[in-house]
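Coordinate-derived values only; no laboratory data. Owing to the predicted nature of the structure, the values given are computational and were not obtained by experimental measurement. Here the Cβ is made from the backbone with ideal geometry for all residues, glycine too, and neighbour counts use every protein chain on show.
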2 protein chains.
Amino acid sequence: MTSRSSKATARTSSEARAVARTQTLIKGANGIGTVRKTTLPGGLRVVTETLPSVRSATFGIWAHVGSRDETPSLNGATHYLEHLLFKGTGKRSALDISSAIDAVGGEMNAFTAKEYTCYYARVLDTDLPLAIDVVCDMLTGSLIRQEDVDAERGVILEEIAMTEDDPGDCVHDLFAHTMLGDTPLGRPVLGTVDTINALTADRIRRFYKRHYDPTHLVVAAAGNVDHQKVVRQVRAAFEKAGALTRTDATPVAPRAGARRLRTAGHVEVVDRRTEQAHVILGMPGLARTDDRRWAMGVLNTALGGGMSSRLFQEVREKRGLAYSVYSYTSAFADTGLFGVYAGCRPSQVHDVLKICRDELDHVAENGLTDDEIRRAVGQLAGSTVLGLEDTGAIMNRIGKSELCWGEQMSVDDMLAQISAVTPDEVRAVARDILGQRPSLSAIGPLKDKQAARLHEAVA
Amino acid sequence: MTSRSSKATARTSSEARAVARTQTLIKGANGIGTVRKTTLPGGLRVVTETLPSVRSATFGIWAHVGSRDETPSLNGATHYLEHLLFKGTGKRSALDISSAIDAVGGEMNAFTAKEYTCYYARVLDTDLPLAIDVVCDMLTGSLIRQEDVDAERGVILEEIAMTEDDPGDCVHDLFAHTMLGDTPLGRPVLGTVDTINALTADRIRRFYKRHYDPTHLVVAAAGNVDHQKVVRQVRAAFEKAGALTRTDATPVAPRAGARRLRTAGHVEVVDRRTEQAHVILGMPGLARTDDRRWAMGVLNTALGGGMSSRLFQEVREKRGLAYSVYSYTSAFADTGLFGVYAGCRPSQVHDVLKICRDELDHVAENGLTDDEIRRAVGQLAGSTVLGLEDTGAIMNRIGKSELCWGEQMSVDDMLAQISAVTPDEVRAVARDILGQRPSLSAIGPLKDKQAARLHEAVA
């Protein structure tokens, strides 16, 4: 077995080596922040960013698949599959996988989103070859055995139950439903008890085969890494698994499209006996590639991005009506969402919503003050630079950029974009986004009469 | 005003400068990991650890006060006070405080525990003087105005309600009560709705005066910092506030004592309509200074510290009975706790508890395998080294060490202690700790009959 597979590997490599292309996408200073990309035969992309001053490295693989790729009956399959990839391969049991990384003090995990799935391990730089070997093995050699599917079903049902027990978490799923309805983007990443109970090992295996082709994957590594060494190790691991045989394959393009989301004035309420009412007031936002996203980032930061933001000041600091209040944006390939979250006692929900709505309306009409814009620009720029020391955050940035934009942006360019945002641009995006009629999602002890009053906030 | 206070500053400084003592506690290599300490007149300690390869710094102040310093009617005062320190000083409004750090992209926060309170800001190294100025001002110049106490009362009641809505969080408060009862260590850090409603601005002000004396504070900074510059800035800030006048004052000693906690077989159940039952099975653990803590760390890691741990493997990986299952230790000055948490569907709670109890009993009797110990040692050592790149984590380590142990330990010494743990030591601490009869706390839809069966787990 060993000799046969290594022969096959040798042949595939020599054919393929000729066509691997390496580019330096961003040239850093003193070796810091240099981003390189190699596209291997088989269509597998490998991007790295070097940070020689650290002793650690984060290695990740991004898959171009998320819950929006699921049909209604497959809802939850992407996330189920993410769990199953930890359950064992032809070479490793579940315990082998977890103990390999645990034994060197690394952290390994994965996350599933609506448009991508990511698996990663953060380790000491000397343990990087181990991390590469384990993560590549998981992605290419998962067995997805019937008994693993059965045992993991229980774990996922527990995860769904745990999320249900955290109303501040599941109100975000409700908001996606309020805004996007029963569509791929509107359905929950975890699936539902019914879809999880109905999923079979066979269907999940087919889903795996279809979506984990090397052309759908981006490998990303950041930290004290050597690009060519990473490429060699990744290539060897994928070739050993027989995964790079279609030497003429090309990577899939980023998702694209532009969708006009028009949801307005919807109200969805889940009556539940919690202490707080958890609400999200929001509207359609911007797609990931929208040029206005830098101005939107400044707007979102000033409105609800920190302790000095308007919503925090008005709702919490001045009136003490909530502990947690913030705004956020979610961007997808073709559309996006903007939302304001607050958790407060049910008796105060109308006051809180009125304050939030008034602020949104006021900013839609008048924009922000120069001082607020200056502060928000400083906040975004400073936190961008502070994030440069975290190899996990860097791996996320370059992996997601490759998968979702198909290009990399240097931190200097990002800082330039943030600094270039003008008050007029902020005013324009505030008018476009905040000027829309909002919708509302709420979870809490909100009986008929109180629930009815919630419509005032979206009138 | 300005000239008067700066004159006073000049005089106090010159008197005092003579007695400031600086020591190098740990000599790092190439400037990395050097820990220095200066005790200023007034009894204020300043510790720093240098990490010249980063561009950031974390600055924190630790106060020797926690919820265990509260009488029953003061329960929640330490945490209430922590909130109030963000509400404004003679020099800054609440908005001034938050916008100063937001504007440079820094993050500022605080946390209150049972034995200490910490305030910190993480910023770019060039913004360190700003962070020092803001945090020192908050600690020395808080006004604690009546209107702030009133507004913040609402925020804290919301925080209590939010915690109540997260059963996986509040089961930890319940476990403290199960093990320690209605004592200072057994009561919740947040206080209760009743105690928060009863606290007056006057009582909180007195609490502030008593517990925020410089002799009760430790200043800690980590990252690209210059020790002498930090000392000068901190000193200037405290002197400007008139806070270092008792030049003969000496720092308070770490908390001490040894308390024999004997709780065994207690069961406390809160019946609540949640999806999951949230349970903690646990027993008395080790005090912070106990020599067996290194062996206990290895034991805890192998038992429930990661994906390859026994409990994760038995409960989740093999049987799919829970999403979240882990063990943990809490150490206080004079006692400690060891606990196993699991969240699972109510119908499975007895199976989960039986598996956990059986594992505890088995390890109490037989210890761990050599392989498990090797892996746990590797996990602790690796994660310790990985933690060296996070200036926030380093600030926490040196600040807490100074406050709670009165001494610093180098990472090399920590690694040596971890590596030196022997199977016999693990066996001994497993027998001592896990061999005790456990107690149990549970939150979930557990009616009389099911609740009664919970006693089996602690029989």
| field | Proxy reagent accessibility, fewest Cβ within 10 Å first, across A:Glu159, B:Glu147 | value | B:Glu147, A:Glu159
| Between helix A:227-240 and chain A: long-axis angle, C-alpha atoms, 0 to 90°, nearest 10 | 70 degrees
| said: Can you order the peptides A:278-284, A:130-136 by their average number of other Cβ atoms within 10 Å per residue, highest first? | reply: A:278-284, A:130-136
| Neighbourhood net charge (11 Å Cβ-Cβ; Lys/Arg +1, Asp/Glu -1) for B:Ile398 | +2
| Cα extents of the protein assembly as shown along the three principal axes, largest first (Å) | 81, 71, 63
| said: So for the stretch B:301-369, averaging the separation of alpha carbon pairs under 8 Å that are six or more residues apart and normalising by length, what relative contact order in percent results? | reply: 25 percent
| Residue list for the stretch B:55-88, given a label point 7 angstrom along the Cα-to-Cβ vector of B:Ala198 and an amide N cut-off under 12 Å | B:71-76
| field | Average beta-carbon neighbours from other chains, 10 Å sphere, peptide B:384-392 | value | 4
| query | How do B:412-423, A:35-46 rank on mean C-beta neighbours within 10 Å, highest first? | reply | A:35-46, B:412-423
| request: Just the number, please: Stokes-Einstein D of chain A in µm²/s, Kirkwood Rh from C-alpha pairs, 25 °C, 0.890 mPa s. | output: 104 µm²/s
| said: For the pairs A:Lys91/B:Lys318; A:Lys37/A:Lys229; A:Lys37/A:Lys114, flag any whose C-alpha to C-alpha distance is greater than 20 Å. | reply: A:Lys37/A:Lys114
| request: Determine the relative contact order of the stretch A:280-423: mean sequence separation of Cα pairs under 8 Å and six or more apart, normalised by residue count, in whole percent. | output: 27 percent
| field | the stretch B:214-294 pair-distance distribution - Cα-Cα, 10 Å bins, rounded % | value | 11, 23, 20, 20, 19, 8
| Over chain A, what is the mean sequence separation of C-alpha contacts under 8 Å (at least six apart), divided by residue count, expressed as relative contact order in percent? | 21 percent
| task | Rounded to whole Å, how close does chain A get to the rotation axis onto B by Cβ? Give me the residue too, please? | result | A:Ser53, 2
| remark: Taking the label point 7 Å from Cα along the Cα-Cβ vector, the copy-to-copy distances for B:Pro72, listed from shortest in nm with one decimal, are 5.8
| request: Rounded to the nearest 10 degrees, what's the angle between the helix A:2-17 long axis and the longest principal axis of chain A, both from Cα atoms, 0 to 90? | output: 70 degrees
| said: How shielded is A:67-77 by partner chains, expressed as the average number of their Cβ atoms within 10 Å of its Cβ atoms? | reply: 0
| request: Kindly state, as a whole number, the per residue volume in cubic angstrom of the convex hull around the alpha carbon atoms of the stretch B:225-351. | output: 229 Å³
| query | Just the C-alpha atoms of the stretch B:21-150: what Rg/Rh do they give, with Rh taken as the Kirkwood radius? | reply | 1.01
| Taking the convex hull of Cα positions in the stretch A:288-410, its mean projected area over all directions (nm²) | 8.9 nm²
| note | Sorted on mean Cβ neighbours within 10 Å (highest first), peptides B:297-303, B:359-365 come out as B:297-303, B:359-365
| remark: Here the correct list, in nm and shortest first, of distances from B:Arg431 to the same site in the other copies, label points 7 Å along Cα→Cβ, is 8.0
| Got a sec? How would A:Arg345, B:Arg316 order by Cβ neighbour count within 10 Å, fewest to most? | A:Arg345, B:Arg316
| Degrees, to the nearest 10: B:370-386 long Cα axis against longest axis of chain B | 20 degrees
| said: Nearest 500 deg cm²/dmol is fine: what mean residue ellipticity at 222 nm does chain A get from its DSSP H runs of n ≥ 4 alone, each adding -39,500 (n - 2.57), divided by its residue count? | reply: -13000 deg cm²/dmol
| How much net charge surrounds B:Lys87 when only the other residues with a Cβ under 12 Å from the Cβ of B:Lys87 are counted, with Lys and Arg +1 and Asp and Glu -1? | -2
| query | What's the extension gain from B:Thr215 to B:Lys354 if we count 0.36 nm per residue and subtract their Cα-Cα distance? | reply | 45.2 nm
| task | Scan around B:Gly88 for amide H atoms under 5 Å from its own, H built in the peptide plane at 1.01 Å from N, and keep only partners 5 or more places away or cross-chain. | result | B:Leu143
| field | Shortest-first distances to equivalent copies, position B:Phe111, nm, label 7 Å out along Cβ | value | 1.9
| Other chains' Cβ within 10 Å of A:151-161 residues: what's the mean? | 6
| Radius of gyration and Dmax for the stretch A:266-333's Cα atoms, expressed in Å? | 14.4, 43
